[in-house]
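Working notes, structure below.
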Amino acid sequence: MLTYSEVGEILSLIDSSSCEEVVLETEGVKLVVRRKGAGGAAVEQAPAPARPAEAAAAPTPSAAKPQAAPETPAPSGGGEGEEIVSAPMVGTFYRAPSPEDPPFVEVGAKVKVGDPICVIEVMKLFTTVYAEVAGTITQIGANDGQLVEYGQMIFVVEPG
């Protein structure tokens, strides 16, 4: 079974490469990673068909989900017309490029396409996440230093 660290390292390596799709099969695990342009983004960790009884008994990655910090309000997601920015990988979410710098964005901040909005760190590799839509940040879905999962809502942007 792959650990969160191993999946994070794999995603980080794929993110820094030009691969469009990667399929990794090991005993009991099949991991499929596709970029958005390659038939939709997906990360799948499922038991291999050869050993279904053993795979069913193994814990799933969702069983080890970290709990959100108590000061984070429960993210409500995007309302009608709002765009959700999801975490592109498993890693540690940071709102600023370094501890001494101010956050990239706050709730109410206006962003343009291509503006940096946060960084996600995986095994000492920092990946900057950029706004994919112009608009106003209406919600921040993670605390600084919090572990985020692939696909987790990290920002909500109201286009405009």
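Readers should treat all values here as calculations from the given coordinates under stated rules, not as data from a laboratory. For clarity, every value in this text was computed on a predicted model and none was experimentally measured. Here the Cβ positions follow ideal geometry from the backbone for every residue, glycine too, while neighbour counts run over all protein chains shown.
At-a-glance table
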read-out	value
Label-to-label distance, nm, for residues given as A134 and E25 (7 Å Cα→Cβ offset)	4.7 nm
Net charge contributed by nearby residues that have their C-beta within less than 13 Å of I154 (K/R +1, D/E -1)	-3
Counted charge near P102, where neighbours are those whose Cβ lies closer than 13 Å (Asp, Glu -1; Lys, Arg +1)	-3
